[in-house]
Every structure is written in structure tokens, then in C-alpha cells.
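Data first, discussion second: the structure below is written as C-alpha cells.
The values are calculated or read from the model by the stated rules, or taken from the named source; none is laboratory data. Since the model is a prediction, treat every value here as computed from it, not as a measurement. Here the Cβ is made from the backbone with ideal geometry for all residues, glycine too, and neighbour counts use every protein chain on show. Accessible surface areas use protein heavy atoms only, side chains included; no ligands, DNA or RNA. Shrake-Rupley method; radii C 1.70, N 1.55, O 1.52, S 1.80 Å.
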Amino acid sequence: MIDFEALFKISYGLYIVSSGDKIKGNGFISNTFFQVTSEPVMFASCCSKNNYTAELILETGAFSASILPENTNPTIITNFGYKSGRDIDKLNGLNVIYGETGVPIVLDDCIAYLECKVVETIDVGTHYMFIGELVHAEMMDENLEPITYAYFRKVRKGSAPKNAPTYIDRSKLVKKQPASDFNKFKCLACGYIYDEQLGDPSNNISPGTKFEDLPDDWVCPVCGTEKEDFVKL
Ligand SMILES: Cc1cc2nc3c(=O)[nH]c(=O)nc-3n(C[C@H](O)[C@H](O)[C@H](O)COP(=O)(O)O)c2cc1C
């Protein structure tokens with residue numbers, strides 16, 4: 001028996017893992033970035049094979065990780081965690097520098113950053129685990145508190161989307177919701193709940209509108225996340 005609630009008790013941080021170069025740079029939100037050895041210092045980053053950033057890490061053989069604070073701007077989480085660099089230019093308008101390996105490093109909402117050169121790529125099915133040796137690390141603002149995945153879930157009411165290695169399908173969780181004619185759908189980015197019974201008055205969506213009947217271009221009224229990144233409660 002697997003109690004999937006137990007998996008939520010594992011601690012993680014949240015990072016923007018970036019790769020590419022000045023011409024095509026990109027990054028994604030990751031909670032699975034962690035140190036694996038100290039001599040030499042090496043880190044692992046688990047990256048979905050569907051992520052655009054995976055292609056860039058395979059191409060360049062390097063990646064950076066920006067450590068995010070508790071008060072990270074929600075737009076950073078939405079753009080880097082729920083949208084793909086195949087559809088939008090995520091680095092546009094941000095404070096970005098390029099490291100020793102040439103990869104982009106996002107400095108917005110950055111406590112410190114690390115830059116790694118890939119020494120091994122492990123195929124773990126849906127994801128690659130990139131093992132990288134640390135080549136550069138720098139502190140940007142040591143007074144900020146790093147955000148944890150638990151804080152993101154509990155305080156900021158966020159959840160990881162399907163591409164995250166730690167995504168858990170709600171049907172696997174023991175606590176079930178009571179049945180009702182109207183359903184509720186939660187925005188994975190900011191925790192906003194679309195309640196079919198109430199509709200979305202801010203966008204002239206009448207009470208009783210089923211989630212599947214919302215217009216295709218309807219987005220979360222709080223943070224702008226698209227319909228596909230809502231989950232049924
Ligand atoms: C809280 C959170 C944690 C995530 N952790 C991971 C992760 O560790 N690995 C991963 O591949 N995707 C993770 N994701 C999903 C990616 O950030 C997301 O699929 C992103 O849109 C991929 O962007 P890209 O296609 O531009 O590379 C996470 C997302 C969120 C919001």
C-alpha cells in the first residue's frame with residue numbers, strides 16, 4: 001500500500017533551472033534540484049523530457065539554478081512553472097545574465113544562483129536526471145528566506161503540474177471530496193478555485209457554468225494561468 005499523502009512530507013526548495021544561450025534561453029520552475037556530492041560539489045536536476053529546457057540542457061551541457069524566495073512574484077511562478085518556452089519568451093523583460101558556460105541566469109527574485117556543467121545524464125523514464133558539477137555560485141540577497149515546496153503548497157496554495165516529478169494525481173490521495181452537482185477546479189499556480197456554482201463574475205461567467213463550458217481563452221482571474229493547469233477537486 002502507498003499512502004501518497006506521505007510523499008508531501010518530503011522537503012524541497014523551489015528554483016528556476018535555466019539553460020540555452022543568448023539566442024535561445026529558457027528556464028522552468030523545479031523543486032527537484034539538490035546537491036548530490038561535496039567533493040567535487042555536484043547537483044542533480046530532474047527535468048521532464050517534455051520540457052523545452054530539457055532540449056536546451058542536452059544541447060548546451062550546462063544549466064543554472066536561481067534560488068527563489070518565499071515572496072517570489074506569482075508571475076514568475078506562472079510563466080516558468082506552467083507555460084513552455086516553446087510558446088512564450090520567458091526571459092523577455094527580466095534581469096538575466098549569462099554565466100561562464102554561457103547559460104542564462106535569472107536574477108529576478110533570486111537569493112543566490114548556481115551554475116553547473118553536466119557530467120552525466122540519467123534517463124529515468126519520463127524525466128532526465130542531469131548531474132552537474134558546480135562551476136560558479138554567487139549570493140544575491142542573503143536576507144531573503146528560500147521558499148520551500150511545503151510553503152508553496154500550504155501558504156501560497158500552489159501545486160505542481162503534471163510535468164513535475166512530484167506531481168500526485170488527486171485520485172490517488174486518500175481524502176476524497178463529497179459528491180455534488182457542481183464541481184470545483186483549482187488553479188495549480190495560485191490556488192484560486194473556480195466553483196461552477198458561483199461562476200466567475202469578474203469575467204461575466206454566470207453562476208452554474210460548467211468548467212468544460214468556459215471559453216477556451218478563459219484564464220485564472222487571479223494569476224492568468226490557462227484552463228489546462230486547473231485540476232478538479
Ligand atoms: C512547484 C513546481 C515544481 C515543479 N518541479 C518540476 C521539476 O522538478 N521538474 C520538472 O521537469 N518540471 C517541474 N515543474 C514543471 C515545469 O516547471 C513546467 O512543466 C514548465 O512549464 C516547463 O517549461 P519549459 O517547457 O519552458 O521548459 C514544476 C512546476 C511547478 C509549478
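Placing pseudo-labels 7 Å out from each Cα toward the beta carbon at residue 231 and residue 197 gives an inter-label distance of 2.2 nm.
On average, how much accessible surface per residue is there in the chain, in Å², for a 1.4 Å probe, leaving out ligands, DNA and RNA? Spell out each step's value before the answer.
Working: 12290 Å² over 233 residues.
Counting only protein heavy atoms, the per-residue value for the chain is 53 Å².
When the charge dipole of segment 25-171 is built from unit charges on Cβ atoms (+1 for Lys and Arg, -1 for Asp and Glu) and taken about the Cα centre, the candidate among 113, 97, 81 whose Cα reaches farthest toward its positive end is 81. Across segment 21-152, C-alpha contacts under 8 Å between residues 6 or more apart give a mean separation that, scaled by the residue count, equals a relative contact order of 32 percent.
When all alpha-carbon pairs of the chain are counted, what percent fall beyond 21 Å? Write down the numbers at each step before the final one.
Numbers: 15711 of 27028 pairs.
Cα-Cα pairs of the chain separated by over 21 Å account for 58 percent.
The charge dipole of segment 93-163, taken about its Cα centre with unit charges on the Cβ atoms of Lys, Arg (+1), Asp and Glu (-1) only, comes to about 620 debye.
In the chain, Cα pairs under 8 Å separated by at least six residues give a relative contact order of 20 percent. Mind running the shape call on segment 120-166? Use the C-alpha gyration tensor, a ≥ b ≥ c as the square roots of the eigenvalues: rounded below 1.5 for a/c, prolate if a/b tops b/c, oblate otherwise. Taking the square roots of the gyration eigenvalues as a ≥ b ≥ c, segment 120-166 is oblate.
Using unit Cβ charges (K, R positive; D, E negative) and no other charged atoms, how large, in debye to the nearest 20, is the dipole of segment 12-132 about its Cα centre?
Working: 7 positive and 13 negative charges, 52 e Å.
Its charge dipole is roughly 240 debye.
Here r is the Cβ-Cβ distance between residue 180 and residue 222 and R0 is 25 Å; the resulting FRET efficiency, rounded to 0.05, is 0.65.
When the accessible area of the chain is split by element with a 1.4 Å probe, what percent falls to carbon and sulfur? Don't jump to the answer; show the numbers that get you there.
Working: 6150 of 12290 Å².
Using a 1.4 Å probe with all protein chains present, the chain comes out at 50 percent carbon and sulfur.
Report the FRET efficiency, 1/(1 + (r/R0)^6), for residue 37 and residue 155, where r is their Cβ-Cβ distance and R0 is 35 Å, rounded to 0.05. FRET efficiency, residue 37 to residue 155: 0.65.
Toward the positive end of the charge dipole of the chain, with +1 on the Cβ of Lys and Arg and -1 on the Cβ of Asp and Glu, the farthest Cα among 220, 193, 127 is that of 193.
The charge dipole of the chain, taken about its Cα centre with unit charges on the Cβ atoms of Lys, Arg (+1), Asp and Glu (-1) only, comes to about 760 debye.
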